[in-house]
1. Hey, can you grab everything whose amide H is under 5 Å from the amide H of HIS136? Only 5+ residues off in sequence or another chain; H modelled, so Pro and N-termini drop out.
2. Name the shape class, rounded, prolate or oblate, that the alpha-carbon gyration tensor gives for region 52-95, where a ≥ b ≥ c are the square roots of its eigenvalues, rounded holds for a/c under 1.5, and otherwise prolate holds if a/b is larger than b/c and oblate otherwise.
3. Looking only at region 14-273, where both bridge partners belong to it, what percent of the DSSP beta bridges are antiparallel (to the nearest 5)?
4. So who's got an amide H within less than 5 Å of the one on ALA82, skipping anything under 5 residues away but keeping other chains? H placed 1.01 Å off N, in plane.
5. Just check region 14-273 against the gyration tensor rule for me: Cα atoms, a ≥ b ≥ c as the square roots of the eigenvalues, rounded for a/c under 1.5, and otherwise prolate or oblate depending on whether a/b exceeds b/c.
6. Excluding the sites themselves, what is the longest stretch of the chain that contains no GluC sites (Glu not before Pro) in a DSSP loop with at most 14 other C-beta atoms within 10 Å?
7. Could you give me the ³J(HN,Hα) list for region 3-11, computed from phi with Karplus coefficients 6.51, -1.76, 1.60 and θ = phi - 60°, whole Hz, x at Gly and Pro?
8. Give a residue-ordered list of calculated ³J(HN,Hα) values for region 232-248 (Karplus: 6.51 cos²θ - 1.76 cosθ + 1.60, θ = phi - 60°; whole Hz; x for Gly, Pro).
Amino acid sequence: MATLPRLAAPKGTCDTHMHFYDLKYPAAPTALVKPADATIAMYREMAGRLGIERTVVVQPSTYGLDNRCTLESIARLGLDRARGIAVVDTDVSDAELRRLTEGGMRGIRFFALPGGALPWEKFDALAARVQEVGWHVQLQLDGRLLPEREAQIRRWPGRIVIDHQGKFLEPVPPEDPAVRSLLRLLETGRVWVKLAAPYETSKVGPPLYDDVGRIAKALVQAAPERMMWATNWPHPGREPRPDDAVLLDMLLDWAPDAAVRQRILVDNPAEVYGF
């Protein structure tokens with residue numbers, strides 16, 4: 001039987017990073033991960049169990065530049081509770097950007113890992129382009145590369161959201177130069193971080209993922225007003241799948257103050273995604 005979290009999610013809790021999959025949509029040529037269907041009904045069961053009321057549907061690398069599955073999922077969830085993150089190339093038209101925005105998209109995804117649809121060489125132009133429709137940049141990379149990419153990221157206009165507490169593919173201590181680079185980016189006041197998917201990089205595992213948790217706690221301490229939380233459901237490529245209730249409860253350790261958790265779960269994502 002599915003477990004219930006110990007953390008009582010406050011009203012308006014937002015899951016800021018998850019994906020839907022539907023085999024009726026073809027995988028992109030660049031895709032390395034091709035999961036089975038992950039449906040609205042399956043997600044609603046999990047969200048109801050955890051107390052999630054708002055959702056940000058992120059375009060998965062599986063579909064490359066084809067945003068149809070993500071758009072359809074946002075529409076079915078409803079714009080009162082869902083937003084999205086799209087992937088577009090430099091040849092995207094103004095009309096298409098407007099259409100995506102009307103469909104709930106609020107940012108562009110830069111997936112700078114194997115299987116991504118866009119190379120680093122296009123990121124600067126795209127980061128500038130999407131400002132026209134009020135989007136932010138959402139970046140996922142191996143955080144160990146942050147020192148060499150920090151200057152480029154700083155040049156991007158507008159808000160920047162960095163996934164998975166930096167996603168250091170080998171967990172590093174909080175005093176590592178790469179973590180210091182992420183903390184410097186936070187100091188700009190334009191950078192936000194998602195606390196999510198520690199299982200993707202942790203070597204010690206649940207329930208607290210302490211090697212990743214050390215980084216997360218340093219980020220929460222540095223800028224609680226720009227932290228957000230996410231499930232990363234349906235945990236693509238992970239078997240067995242982690243327990244979503246455990247992933248919510250980790251905030252009891254990473255952010256022990258209830259007022260800070262209110263910001264992470266409700267207030268911060270409401271500001272970034274326009275709820």
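Rule-based calculations on the coordinates, nothing more; no lab input. Values in this document were obtained by computation on a predicted structure and should not be read as measured data. Note that each Cβ is placed from the backbone with ideal geometry, even for glycine, and that neighbours are counted across all protein chains shown.
1. Answer set, sorted by chain and number: GLY107, ILE108.
2. Prolate shape, in that a/c is at least 1.5 and a/b is the bigger ratio.
3. Here the antiparallel bridges make up roughly 5 percent for region 14-273.
4. For ALA82, whose amide H was placed from the backbone, the distant partners under 5 Å are THR55.
5. Rounded, because the longest to shortest axis ratio a/c is under 1.5.
6. 1-174
7. 7, 9, x, 7, 6, 7, 5, x, 4
8. Result, rounded to whole Hz: 6, 4, x, 6, x, x, 10, 9, x, 6, x, 7, 4, 5, 5, 5, 6.
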